[in-house]
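Worksheet: one structure, shown below.
The values are calculated or read from the model by the stated rules, or taken from the named source; none is laboratory data. Predicted, not measured: the structure shown is a model, and the values here were computed from it. So basically every Cβ, Gly included, is an ideal-geometry build from the backbone, and we count neighbours across all protein chains shown. To get the accessible areas, we keep the full protein, side chains included, count just its heavy atoms, and leave off ligands, DNA and RNA. Shrake-Rupley method; radii C 1.70, N 1.55, O 1.52, S 1.80 Å.
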Amino acid sequence: MSQAFASSGDTAPKVETLETVGDGIWALTAEGDPNVGAIEGEDFLVAFEARATPLMARRWLEKLREHTDKPVKYLVLSHYHAVRVLGAAAFDAEEIVASAETKRLIGERGKEDWDVEFGRMPRLFDGYEEIPGLTWPTKTFDQHLSIDLGGTRGTVELSWFGNGHTSGDIAAYVPSQKVLFAGDLVENGSAVYTGDAYHQDWMTGTLDKVAELDVEVLVGGRGHIAHTKDESQRAIELTRDFIRRMFTAVEKVKNAGSDIKDAYLAARAELLPDYGGMPVFEHAMVFDVQRVWDELDGKRPAIWTVERDHEVWDRLTK
């Protein structure tokens, strides 16, 4: 079953598509690569996610500038993973906004995550030589922050709904247009990476709170944009389904006294028919199962290092 490590073998370029998802709201998707977006205020922009390098961020901004030349006042980071944050320098934002928990995680494991994600997904780090260092938020909050867009444009509501993809994920909701940027709390047409997750919280209370929002357009962390209320709810439930079925498969094997490789094989077999053709499936499953196994032992997410990455990969796939 030996295979290329993580996404290191994924070298084909992806087609990027910029969509207008609301009045002055844009989202860029890229065939399963991380999604990004922007929300227009009266005289500024709120950007959501930064991409992995300043070069990658500039490519996104060049597309955005075909629609608006307003400056980025707020750059919102949904969580700390390197592919989401290390391109921040390109935005020249007045404020970089994240949860207080994300700021803590950057201090605890940001450098290790940078090294790990570069090794797992090298294609996303085009122009990595320009990265000036770790991205640090300049404005943080615990559970909720409202950004006034000015004029009659309403607000962007930033919320932490509970432990999920990490312990610090936030989402950005525009109530006036019922548009949600969910970050990696929700995926739509992509496998779900859970290597730093709290599965039991995520698939219950956290996703329950996301599902309570009145959403007609949902931009998840990866995959397709959901353009209706029904599609948005389906994306939430598909994310929950992936997590629940994986967690249950691993738990069953563990409770039977078998080892983690058996758990990986069982979880992969459970999800393969429905999710196997989606982006990052093989990449995610290895690290996901390790995290479920550790969570069942009552452990908080361990810090991924390059050495740990390869040890877990080799143990489960070879």
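Here are some notes:
- When region 193-233 is filtered for residues that are out of contact with any strand residue (DSSP E or B) (no Cβ under 7 Å at 6 or more places or on another chain) and either under 21 Å from Leu77 (Cβ atoms) or of a type in the set (Lys, Arg) (or both), the ones remaining, listed by number, are Tyr193, Thr194, Gly195, Asp196, Ala197, Tyr198, Asp201, Trp202, Thr206, Leu207, Lys209, Lys229.
- Region 4-51 - residue that is in contact with a Ser or Thr (Cβ under 6 Å, 6 or more places away or on another chain) and of a type in the set (S, T, N, Q) and, of those, farthest from Lys261 (Cα to Cα): Thr17
- Any strands (runs of 3 or more DSSP E) falling wholly within region 46-147 and containing at least 3 residues that are more than 23 Å from Thr20 (Cα to Cα): 95-99, 139-141
- For region 152-162, the candidate set comprises residues that are touching a residue at least 60 places away in the same chain (Cβ under 8 Å) and open to solvent by 10 Å² or more (accessible area, probe 1.4 Å); within that set, the residue that is nearest to Asp274 (Cα to Cα) is Trp160.
- Subset tally (residues that are in a strand (DSSP E or B), open to solvent by 30 Å² or more (accessible area, probe 1.4 Å) and touching a residue at least 60 places away in the same chain (Cβ under 8 Å)) for region 1-39: 1
- Residues in region 42-54 that are farther than 17 Å from Ala89 by Cβ and either of a type in the set (S, T, N, Q) or buried (at least 24 other Cβ atoms within 10 Å of the Cβ) (or both): 1 in all.
- Taken over region 152-184, the residue count meeting the criterion of being among the hydroxyl-bearing types (Ser, Thr, Tyr) and under 20 Å from Gly107 (Cβ atoms) is 2.
- Scanning region 127-138 for residues that are out of contact with any helix residue (DSSP H, G or I) (no Cβ under 6 Å at 6 or more places or on another chain), in contact (Cβ under 8 Å) with a residue 60 or more places away in the chain and open to solvent by 30 Å² or more (accessible area, probe 1.4 Å) yields a total of 1.
- Matching entry among Gly277, Gly298 (being free of Cβ contacts under 8 Å to residues at least 12 places away in the same chain, within 20 Å of Ala4 (Cα to Cα) and part of a loop (DSSP other than H, G, I, E, B)): Gly277
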